[in-house]
Amino acid sequence: MKLKSRHLLGLEGISKEEIGLILDTAETFKEVLERPIKKVPTLRGVTVVNLFYEASTRTRISFELAEKRLSAELVNFSASTSSVKKGETLKDTVKNIEAMKIDMVVIRHQSAGTPYFLTQCLSSSIINAGDGAHEHPTQGLLDLFTLREKYKKIEGLKVVIVGDIKHSRVARSNIWGLKTMGASVAVCGPTTLMPYEIDKMGVGVYSNLDEALRGADVVNVLRIQLERQKGGLLPSLREYANEFGINSDRLKRLNPNFTIMHPGPINRGVEITPEVADGPYSVILDQVTNGVAIRMAVLYLLSGGEGKVE
Amino acid sequence: MPFLESEEENLPRRKGVLIMDEKTVRRALTRIAHEIIERNKGAENLGLIGIKTRGAYLAERLAKIIFEIEEVQVPLGFMDITLYRDDIQTKLDQPIVQKTEVMFDVADKIIILVDDVLFTGRTIRAALDQIIDFGRPKLIQLAVLVDRGHRELPIRADYIGKNIPTALNEQVVVKIQEVDGEDSVTIEKEKRK
């Protein structure tokens with residue numbers, strides 16, 4: 001059993017068996033992270049470049065730690081302090097970096113499809129760490145891992161994704177991954193933040209939060225992306241908080257053993273109230289812990305050599 | 001065992017020479033258990049770590065035999081050495097990583113590392129590195145069911161079930177009850193596909 005592609009661009013088209021392999025491998029790495037020495041020599045000699053064109057705390061530190069704990073060499077790049085400022089194109093930038101002999105590229109970019117573009121001009125393995133509103137596969141995988149850890153299986157879970165679906169790559173990766181693993185998925189948010197034809201992805205679509213939450217097991221709360229709200233899509237943040245914010249009152253409509261997830265960073269008091277975010281049903285910090293294990297698994301599985309299988 | 005029979009049918013005919021059967025495997029393990037106790041003057045302060053997959057079950061059996069002799073429950077751990085392999089970058093498929101479960105503190109213990117076959121020594125090198133990342137044992141000893149020679153590293157076993165001189169094109173096949181439904185060691189001429 002192995003992954004079909006040497007890149008991870010998204011969860012669309014990734015089979016149930018492949019996702020299962022990544023999650024199983026991540027379980028091993030989670031155990032590594034509990035050891036006194038949280039480091040294994042597996043990726044010695046592999047060089048990884050973290051190419052971040054957009055701001056990030058969790059994903060970037062998580063990838064960095066994953067690389068360090070696998071003993072890979074790593075180089076960080078952020079667009080704001082590089083020659084991108086002098087007008088160097090993406091293609092020139094990555095070609096130059098690859099000329100310095102690297103093996104893998106982790107990329108976050110504001111434009112959907114950038115990781116795919118890199119697979120066309122580089123020979124390194126490409127891992128998508130978020131591209132525009134397209135996909136954020138490692139986030140989707142760590143959400144699946146966190147759910148599998150809690151419920152033992154994902155099949156049959158009712159998951160509601162709430163918030164700005166239109167701009168959310170996390171929502172798309174989650175929908176693909178959850179559907180593949182057999183969960184039923186619904187999305188809920190203001191009509192202005194709901195993409196056209198989202199129902200074609202095989203999800204329930206709601207504009208009333210209370211209706212969407214009825215009988216749900218899991219609520220994945222998306223961040224209101226303040227940087228993408230210039231176009232008047234929301235009347236006001238207060239109105240959003242009233243209509244779609246997750247507060248303790250609303251949780252009464254959920255199944256008793258429910259889970260609150262959030263990919264971070266949190267706008268406290270907007271999409272989720274502090275007492276829910278820090279409450280007993282929240283797995284927000286478990287998601288962050290599991291993120292390192294998932295990224296170690298992905299790096300490991302994509303780093304295979306070209307030799308013969310013994 | 002219908003499963004094994006049907007599997008045999010699908011394999012090409014090859015000459016297998018039976019070297020150890022259930023009885024000899026049991027006797028060898030019993031002797032090794034006695035030797036471990038004798039050399040270490042008891043079973044206190046020991047820790048057994050089996051290398052997955054078959055070494056793990058052999059370690060489990062050694063722990064049981066040591067308990068029967070000394071009435072000491074030796075802490076038992078299992079180790080997957082995939083992440084410490086030296087050929088991980090040269091393989092086409094990444095090997096499936098199994099879980100490592102060493103729940104006891106190895107520091108200052110006498111660790112008995114257990115594996116089925118000692119061959120090049122590379123697996124043992126990986127296991128030694130992994131154990132040392134867990135802590136600093138007082139010493140590490142190696143117990144194997146079969147030593148087939150052809151070392152590529154300066155490594156030797158402290159306890160050996162059976163020395164089997166082999167040619168490089170021969171394959172030593174160890175089967176054990178828990179995984180394969182029977183205890184046996186055979187030598188086969190050609191490498192299995």
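Any read-out appearing in this document is the output of simple, stated calculations on the displayed coordinates, not a laboratory observation. Quick caveat, the model's predicted, so the values are computed rather than measured. Reconstructed Cβ throughout: ideal geometry from the backbone, glycine too, with neighbour counts over all protein chains shown.
Here the simple spin-label model places points 7 Å from the Cα toward Cβ, and for A:Asn208 and A:Glu239 these points are separated by 1.9 nm. Placing +1 on each Lys and Arg Cβ and -1 on each Asp and Glu Cβ, with no other charges, gives region B:52-193 a dipole about its Cα centre of roughly 440 debye.
Helix A:90-99 and the longest principal axis of the Cα set of chain A meet at an angle near 40°. Taking chain A as a Gaussian network of alpha-carbon nodes connected by springs under 10 Å, the highest mean-square fluctuation of the residues A:Pro280, A:Pro263, A:Pro137 belongs to A:Pro280.
Against the empirical 2.2 N^0.38 Å scaling, what ratio does the C-alpha Rg of the protein assembly as shown come to?
Compactness ratio reported: 1.15.
Give the separation of the Cα centroids, region B:45-104 to region A:1-32, in Å. Answer, in whole Å: 25. If you keep only loop residues by DSSP, which trypsin sites (Lys or Arg not before Pro) in region A:1-101 have at most 12 other Cβ atoms within 10 Å of their Cβ? Counting only loop positions with at most 12 other Cβ atoms within 10 Å, the trypsin sites (Lys or Arg not before Pro) in region A:1-101 are A:Lys4, A:Lys101. As a proxy for reagent exposure, ranking A:Leu285, A:Leu122, A:Leu157, A:Leu299 by other Cβ atoms within 10 Å from fewest up yields A:Leu285, A:Leu122, A:Leu157, A:Leu299. Measuring r between the beta carbons of B:Glu71 and B:Lys23 and using R0 = 35 Å, the FRET efficiency lands at 0.90. Each of A:Glu155 and B:Thr186 was given a label point 7 Å from its Cα along the Cα-to-Cβ line. The distance between the two points is 3.6 nm. For region A:157-248, GluC sites (Glu not before Pro) meeting the loop criterion (DSSP other than H, G, I, E, B) and having at most 14 other Cβ atoms within 10 Å: A:Glu197. Please find, in a Gaussian network model of chain A (springs between Cα atoms separated by less than 10 Å), the residue of A:Leu251, A:Leu178, A:Leu90 whose mean-square fluctuation is greatest. Of A:Leu251, A:Leu178, A:Leu90, the most mobile in the Gaussian network model is A:Leu90. Counting other Cβ atoms within 10 Å as a rough exposure proxy, the listed residues A:Ser111, A:Ser173 run A:Ser111, A:Ser173 from fewest neighbours to most. With Cα atoms as the point set, the radius of gyration and Dmax of chain B evaluate to 16.9, 50 Å. Close amide H pairs (under 5 Å, H built 1.01 Å from N) link B:Ile112 with B:Gly47, B:Leu48, B:Ile49, B:Gln141, residues at least 5 positions away or on another chain.
Each of B:Tyr84, A:Tyr300, A:Tyr206 has some number of other Cβ atoms within 10 Å of its Cβ, and from fewest to most they run A:Tyr206, B:Tyr84, A:Tyr300.
If you keep only loop residues by DSSP, which trypsin sites (Lys or Arg not before Pro) in region A:228-309 have at most 13 other Cβ atoms within 10 Å of their Cβ?
Those satisfying the criteria are A:Lys230, A:Lys308.
Of all lysines in the structure, the ones whose alpha carbon falls short of 23 Å from that of A:Lys179, not counting any fewer than 8 places away in one chain, are A:Lys2, A:Lys4, A:Lys16, A:Lys150, A:Lys152, A:Lys153, A:Lys158, A:Lys166, A:Lys200. Taking Cα centre as origin and charging only the Cβ of basic (Lys, Arg, +1) and acidic (Asp, Glu, -1) residues, the dipole magnitude of the protein assembly as shown rounds to 920 debye. Evaluating 6.51 cos²θ - 1.76 cosθ + 1.60 at θ = phi - 60° for every residue in region A:48-58, the Karplus couplings come out as 10, 10, 9, 9, 10, 8, 10, 5, 6, 10, 4 Hz, glycine and proline recorded as x.
The phi-based Karplus calculation (6.51 cos²θ - 1.76 cosθ + 1.60; θ = phi - 60°) puts the 3J(HN,Hα) values of region B:109-115 at 8, 8, 9, 9, 8, 10, 9 Hz, whole numbers, x for Gly and Pro. Think of chain A as having a plus end and a minus end, set by charges on the Cβ of Lys, Arg, Asp and Glu; of A:Val84, A:Gln287, A:Ala297, A:Val84 sits farthest toward the positive end of this dipole.
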